[in-house]
Amino acid sequence: MLLLTPTLLLLVLGLVWFVVRYQRGQLRQQQELAQMQETAQQQALAAALVAQEDERQRIAAELHDGVGTILALAKLHLYAPGRPASPEASDLIDQAVAEVRRISRNLQPATLQQLGLAQALRALTQAVPTENGPEVRLEQEGALNRLIPPHELMVYRIAQELLTNGLMHAEARHIVLRVTTVPGLLTLTYSDDGQGFNVSALEELPPPGPHGQPVGMGLINLRSRVAVLGGQLHYHSEPGMGTRVEAVLPVTLLPAGSATSTFSLNS
């Protein structure tokens, strides 16, 4: 019995050690699998957004080079020698040209590439017509230096999505887009005094992903872009009390002296 008791104790301790080690191994495998699935989802999201940006650039080029050229030729024919002048038709063509240019700029923001995110956001807010729409104001806290091109483009698209959603659905009189920066982190805050909504309804939306979701669907598209940057998105709203949306985004500054000729999510 004196010899058997230590042997049984060692067997029990060995069994406990094996079970604990096995459970730890299972937990580690589950964590690795979850991380692999999350990585794959992020890669799929990024690929879907790259395809979306490529399509935007293609449409912008076709609008500028195709439709814009046709309208310019139409105006030349309108004022051809021997033809009676038509000021009304000329005005309509000029309006169509201006609209094509506006759509092309929104699809492919040249200001973002040439002047950076701060100027592009200012141009985005100033483009909202004040006579029929809400007052839109841009606020900035901290120096907004140039970011690497993919991050500048993604932050701009997030701001564009927030502003578009607000203009379409908020019925607000005032909209504020605020940019706050600290090293390595950019916080984009949208707020309005509109009709608000029930935040609990957002829980019914599917998680961000590239499959089974219509491209460009407001909040889903917004969540996808924030997820690709590894950021966080917070909603604060109540019916009749306005809306506040905060996107906290990890960003990378562009190294000093770097060229910014390549400007896409593929960078």
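The values are calculated or read from the model by the stated rules, or taken from the named source; none is laboratory data. Computed from a predicted model, the values in this text were never measured in an experiment. Neighbour counts are summed over all protein chains in view; Cβ atoms, including those assigned to glycine, are modelled from backbone coordinates with ideal geometry. Calculation scope for accessible area: heavy atoms of the full protein, side chains included, ligands and nucleic acids excluded. Shrake-Rupley method; radii C 1.70, N 1.55, O 1.52, S 1.80 Å.
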Ranked by how many other beta carbons lie within 10 Å on average, peptides 160-168, 228-236, 146-154 from highest: 146-154, 160-168, 228-236
Packing-based order for 188-200, 171-183, 89-101, using average beta carbon neighbours within 10 Å, highest first: 188-200, 171-183, 89-101
Virtual spin-label span in nm between Gln95 and Leu115, 7 Å along Cα→Cβ: 2.7
Projected label distance in nm at Leu11 and Gln23, using a 7 Å step from Cα toward the beta-carbon: 2.2
Of all accessible heavy-atom area on region 105-154, the percent that carbon and sulfur account for (1.4 Å): 45
Heavy-atom surface of region 115-173, accessible at 1.4 Å and reported per residue (Å²): 49
